[in-house]
Each structure stands twice: as structure tokens, then as C-alpha cells.
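Heads up, the thing below is written out as C-alpha cells.
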Amino acid sequence: MREKIKVGLIGMGAVGERILRQFRQHEGFDIAALCDRNAGQLDKFKAELPDAAMHTNYLDLLQDETIKLIYLGVPPKFHHTIAMDIIKSGKHLLCEKPLANSIEEAKEMCEAAVNAGIIHAMNFPMAYSPAFKMFKDKIHNGELGNIKKVELHLQFKQWPREWQQNDWISSREQGGFIREVAPHFIHMIHDVFGELDCVHSFVEYPEDERFCETSFSSLLTLPGGIPVLFNGIAGIGQQEHLSFKVFGDKGTLDMQNWSLLVQSTTENSGEIIKLNEPETSLPAELLKAIRGDKTLLVSFKEGHQVQKVLERILLS
């Protein structure tokens, strides 16, 4: 058997814990160290990971030369500083979205990672899902005909969601559902259609300047002039509902709540598509890349492209 790849995780919030579970389920990785500024957050992992080092300072984790891969899951405004130190250490890097907290930071991180020759990837899990593969296939094989419009609707009962309660995710500085949820769909649109151009955006904020958006509407375009509409709102009287819908002259395809595909034509008003393919594992793809094999990863270059759209939406 090949030697396991040692992994260090920086940022052990709700998503960091999910990533930890994914790495633990893959036999090619060994969890060598965890890091979080909150020592109490680390305590709950000590029993299940007795051999893993626990750090409150990420620089201490980076001193371990046996660690080859780092997951970075801290709040966005800290991505750039920590990522640049990880890149300088020569370790491979899996980064949370959005890539950074500005276009300039994202560009610098991308260039540094490329120049260092490390494996660098974004945590966009939809890229590995059977729902997205089917979504792409149906568009590319012409089932929908000529594409007329794309719409994204993000509707939340509350923001932050119940499982996301922390100090930063509701902040205007680095939180909000535009930064936290829209990047997944921006990446999918880029992957299927090409890069978005933001034409006009309106973002509504509460009076308290500390807090993030409550709603937004954005008009964008794709190559060939295909219009794209983004709509989002939080604090409404319904359960969370996400809809990523493509309209063609032969039919429509709607990805609902991340994994449900509904296809409509002039003959039917909505057929749920069965998904039979297994999900591709992000850790498995990272392992392939580290071992020099062909792989499916979302690079920092793609993360930088997403960042440019995000900033245009937020600053318009």
C-alpha cells in the first residue's frame, strides 16, 4: 500500500468538521493536526483523534514537515494571510469559498499557488455531484435546445441558517448569502456556459452597517448575450429553497436545493430526473492530483474568476 497523505485542517467550524469527516472516510489520508483559535472547539475532537496534534496557532501546524495537504476553512478575511503562509511552506492547499475577501487578494493567492507548483483547489462540492454532471450533460447534448435565459433564486427562512451561528457569517464585512452560497452557482455557470459579466446589481442592506444583505437582484450576461438573473432574499415565511434554472427553446432544467433535477418540456410540466451515478469524492480527486494522476479539481484560477463576479455584485 502507498503511504497515506498527512492532512492538517485550519478552521474547525461546521464546514471544517464536514471536511474532516470526508478525509477520515478516505483510506488514503491520515489526519495529522487540527487548528482553531478556539481551544474549546478542538476539545471535542481529541477523543476521536488521539494521535492528531491540536493547535491554536496555524504557524505551529505549518512547522510539521510531514503534513503535505492543508484544508483552510477560516473566515474569508483571513484566507489571504494564512494561504500565503501555507503556499510558502510548499504544502498543497484546499481552500474554502470564496477564495479571498477581494479580487486583489484572490489574484495574488492564485499567482502564488501556480508559481509554487502546489496542488491548489477550492471546496466547491457541487463540482463532484451526480446532479451537476447530469445538469451539464443535458445542456451540452442539446436536450434544452437554444439557451434563452438562466435564473438563480436563493430564498432563506433566516440568515445565518440555524447550523451557521457565528460572529462573522452575518457580517457585512465578510458574511452574507451572496458570499456564502452564490459562489457555488457562479462556478457552475462558469463551468457550463463561460464567464459571467455583471451588468447591474442592487443589494439591500439593513440600517445597522454591521450586518449583511437581506436581499439582492443582479442582471448578468453570458457569452453570446444570454441573460442571467440572480435573486436572493432572507427572512421570509417559508423553508429554504434554492433554484438554478436554465430555459431553452426545447425545455427547461431546474436544479432545486442542490441535488433535485426537474426537467420540463411542452409535453410535461416537470419530471424529476433519476440520478444513478455515484458522487465523486473531493478527497479522492485531491489524492489523484498529489500522486500526479489526471483529476477533477476546481483551481484557484476558477476561484479568482468567481471572486470577480462576487465583487461586482456586491459593489454595484
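Observations on the structure shown:
- Qualifying residue in region 68-82 (condition: among the hydroxyl-bearing types (Ser, Thr, Tyr), part of a loop (DSSP other than H, G, I, E, B) and at pLDDT 95 or above): no
- Region 1-18 residues that are free of Cβ contacts under 8 Å to residues at least 60 places away in the same chain, paired with ones that are open to solvent by 50 Å² or more (accessible area, probe 1.4 Å) and not in a loop (DSSP other than H, G, I, E, B) (beta carbon under 8 Å, 6 or more apart): Lys4/Asp30
- When residues of region 201-228 are limited to those that are aromatic (Phe, Trp, Tyr) and assigned to a strand (DSSP E or B), the one most open to solvent (accessible area, probe 1.4 Å): Phe202
- Residues of region 279-297 classified as under 13 Å from His120 (Cβ atoms) and either open to solvent by 70 Å² or more (accessible area, probe 1.4 Å) or touching a Lys or Arg at 6+ places or on another chain (Cβ under 9 Å) (or both), total: 3
- Filtering region 114-124 to residues that are surrounded by 19 or more Cβ atoms within 10 Å (Cβ to Cβ) and in a helix (DSSP H, G or I) leaves nothing.
- Cβ-Cβ under 9 Å pairs, at least 6 apart or on other chains, region 156-172 side open to solvent by less than 60 Å² (accessible area, probe 1.4 Å), far side assigned to a loop (DSSP other than H, G, I, E, B) and among the hydroxyl-bearing types (Ser, Thr, Tyr): Trp159/Ser170; Trp159/Thr214; Pro160/Ser170; Gln164/Ser170
- Any hit, region 97-113, residues being at pLDDT 95 or above, open to solvent by 10 Å² or more (accessible area, probe 1.4 Å) and in contact with a Cys (Cβ under 9 Å, 6 or more places away or on another chain): no
- Among the residues making up region 258-278, a single one is exposed (fewer than 13 other Cβ atoms within 10 Å of the Cβ), among the acidic types (Asp, Glu) and closer than 16 Å to Phe247 by Cα: Glu267.
- Glu311 being of a type in the set (Asp, Glu) and either open to solvent by less than 70 Å² (accessible area, probe 1.4 Å) or not in a loop (DSSP other than H, G, I, E, B) (or both): yes
- Subset of region 18-41 that is within 19 Å of Ala83 (Cα to Cα) and among the charged types (D, E, K, R) - its residue that is farthest from the chain's Cα centre (by Cα): Arg37
- Residue match in region 193-200 (condition: touching a helix residue (DSSP H, G or I) at 6+ places or on another chain (Cβ under 9 Å), part of a helix (DSSP H, G or I) and either surrounded by 13 or more Cβ atoms within 10 Å (Cβ to Cβ) or without any contact (Cβ under 8 Å) to a residue 24 or more places away in the chain (or both)): yes
- Residue in region 236-250 that is closer than 15 Å to Trp159 by Cβ and part of a strand (DSSP E or B) present: yes
The values are calculated or read from the model by the stated rules, or taken from the named source; none is laboratory data. All of these numbers come straight from a predicted model, not from anything done at the bench. Neighbour counts are summed over all protein chains in view; Cβ atoms, including those assigned to glycine, are modelled from backbone coordinates with ideal geometry. Accessible surface areas use protein heavy atoms only, side chains included; no ligands, DNA or RNA. Shrake-Rupley method; radii C 1.70, N 1.55, O 1.52, S 1.80 Å.
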